[in-house]
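Down below is the structure, laid out as structure tokens.
The values are calculated or read from the model by the stated rules, or taken from the named source; none is laboratory data. Since this is a predicted model, take the numbers as computed values, not measurements. We place every Cβ from the backbone using ideal geometry, glycine too, and count neighbours over all the protein chains shown.
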Amino acid sequence: MSQQGIGTKCVQAGYTPGNGEPRQIPIIQSTTFKYDTSEDMGKLFDLEASGYFYTRLQNPTNDHVAAKIAAMEGGTAAMLTSSGQAANFFALFNICEAGSHIVASSSIYGGTFNLIEVTMKKMGIDVTFVSPTASDEELDAAFQDNTRAMFGETIANPALTVLDIERFANAAHRHGVPLIVDNTFPTPVNCRPIEWGADIVTHSTTKYMDGHGAAVGGVIVDSGKFDWMAHADKYPGLTTPDESYHGIVYAEKFGNEGAFITKATAQLMRDLGCIQSPQNAFLLNLGLESLHVRMPRHVENGLAVARFLQTREEVAKVNYPGLETDPYYELAQKYMPNGGCGVVSFELKGGREAAESFMKKLKLAAIETHVADARTCCLNPATSTHRQMTDEQLLEAGIPAGLVRMSCGLEDKEDLIADIANALG
Ligand SMILES: *Cc1c(COP(=O)(O)O)cnc(C)c1O
């Protein structure tokens, strides 16, 4: 299987119907599953047999789609979650607890920043943020004895910085902890972080994977490469008996390939819920079947729009790692030679007012908080997601008042450029 190309995996991985079975992944719209004897069911509860008993923990539709994404990322196991937020929380909380510490890139999605900086702190989990351009010495200095995970985003939303995955992975491994990478923007079609040393990969499947703005969801993929037993003192949850499961030691029973996802299913899904609905998993799979066809078009449109914006005098600055002038161009070439994504951000010289009037005049691009679906959309953080901040605070946060984030969809690039030219002029 692993020799197959990414396109074949997008279409076929994760589900092979038997003779006379449905060609498409069936939606198993059932909360519960029937057994002939209590002994049969008892084996499931003891994790002695694999099977389904209640959709809050596992559902066959979800598992087929998760297996497809695991194959696409080159991982050994995966689970779907109700959202990208749930995926990142579960990925971290599966190996962190009160008293733990995380090293995270400062250039990450606002929701994830808040999760780590505010909500997980309330749980007693501390964080040190590092610049995505931090030197190896600066990275090393961020680690503590209680550090349990390192976190970053391949292409950060919305800053569009590119993570030096290999360097971050090496730093994490020097300190005996796994690197977790949120790979939402490039998707495994354009970048597979596990090939560069990442241990766990997460996604908001809400974005390009679904790709049609239809279903909120997330996924966690385990590379199966991190040796939990070699760092047993740091990860007792994986390497010592789980009394809530009759003393199972996840890393012993399920190996490096399966321990992380089994523990996240058995403990976090059981106790916190956050499962993706099988209906949404079905929609997600429809998106995955064309992901390898759609991503190159998003990249083509993003690059064309970025290049056009560069020629306009109303525009102070364009951020797009596919532009030769972008500070992240070299890293983008290394990790994403076929391009990253369709999201471009740019600063209008006229600030907030210019951004507002520009966006009002757009006809194809809609104003939305969403990114990464088939229809082009845009957002001015200063007047929407960050509207409580003053111009000074915005500048401090690296978000100029005139910044517009544009997610280039799948339309004809000539039409997108004409729409932008009309709105600028
Ligand atoms: C949107 C997004 C998230 C959060 O995902 P939801 O599905 O909205 O919960 C996390 N990370 C990145 C990079 C995102 O773009």
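Structure above, values below:
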read-out	value
Filtered residues of segment 187-206 (kept if over 9 Å from the mean Cα position of the chain (by Cα) and within 12 Å of the ligand (Cβ to nearest atom))	Thr206
Condition check for Glu314: closer than 30 Å to Val293 by Cβ, in the same structural domain as Glu300 (by TED's automatic domain parsing), acidic (Asp, Glu) and surrounded by fewer than 21 Cβ atoms within 10 Å (Cβ to Cβ)	no
Ala332 vs. criteria among the aliphatic types (A, V, I, L, M), modelled with pLDDT of 95 or more and closer than 24 Å to Thr206 by Cα	yes
Where Asp40 falls short, out of the listed (1) of a type in the set (Asp, Glu); (2) within 16 Å of the ligand (Cβ to nearest atom); (3) over 30 Å from the mean Cα position of the chain (by Cα)	(2)
Matching option when the condition is within 29 Å of Asp164 (Cα to Cα) and surrounded by fewer than 18 Cβ atoms within 10 Å (Cβ to Cβ), among Ala232, Ala259, Ala198, Ala214	Ala232
Qualifying residue in segment 180-196 (condition: within 21 Å of Gly322 (Cβ to Cβ) and touching a Pro at 6+ places or on another chain (Cβ under 6 Å))	yes
Search result, residues across segment 6-23 that are in contact with a helix residue (DSSP H, G or I) (Cβ under 8 Å, 6 or more places away or on another chain) and assigned to a loop (DSSP other than H, G, I, E, B)	Ala13, Gly14, Tyr15
Residue ranges of helices (runs of 4 or more DSSP H) in segment 329-425 with at least 2 members farther than 18 Å from Phe185 by Cβ and out of contact with any Phe, Trp or Tyr (no Cβ under 8 Å at 6 or more places or on another chain)	351-361, 391-396, 413-424
Considering residues of segment 155-178 that are within 16 Å of the ligand (Cβ to nearest atom) and over 18 Å from Ile102 (Cβ atoms) only, the residue surrounded by the most Cβ atoms within 10 Å (Cβ to Cβ)	Val162
Some residue of segment 279-291 being more than 15 Å from the ligand (Cβ to nearest atom), more than 30 Å from Val371 (Cα to Cα) and in the same structural domain as Gly75 (by TED's automatic domain parsing)	no
Subset of segment 385-407 (residues that are modelled with pLDDT of 80 or more, of a type in the set (Gly, Ala, Ser) and under 25 Å from the mean Cα position of the chain (by Cα))	Ser407
Pairs with Cβ under 7 Å, 6+ apart, first in segment 183-207 and touching a residue at least 24 places away in the same chain (Cβ under 8 Å), second away from the ligand (no atom under 13 Å from the Cβ) and polar (S, T, N, Q)	Asn190/Asn338; Ile194/Ser223; Gly197/Asn170; Ala198/Ser223; Asp199/Ser223; Ile200/Ser223
Segment 73-117, residues that are polar (S, T, N, Q), surrounded by 23 or more Cβ atoms within 10 Å (Cβ to Cβ) and away from the ligand (no atom under 11 Å from the Cβ)	Asn94, Ser105
Residue check for Thr55: within 24 Å of the chain's Cα centre (by Cα), without any contact (Cβ under 8 Å) to a residue 12 or more places away in the chain and away from the ligand (no atom under 16 Å from the Cβ)	no
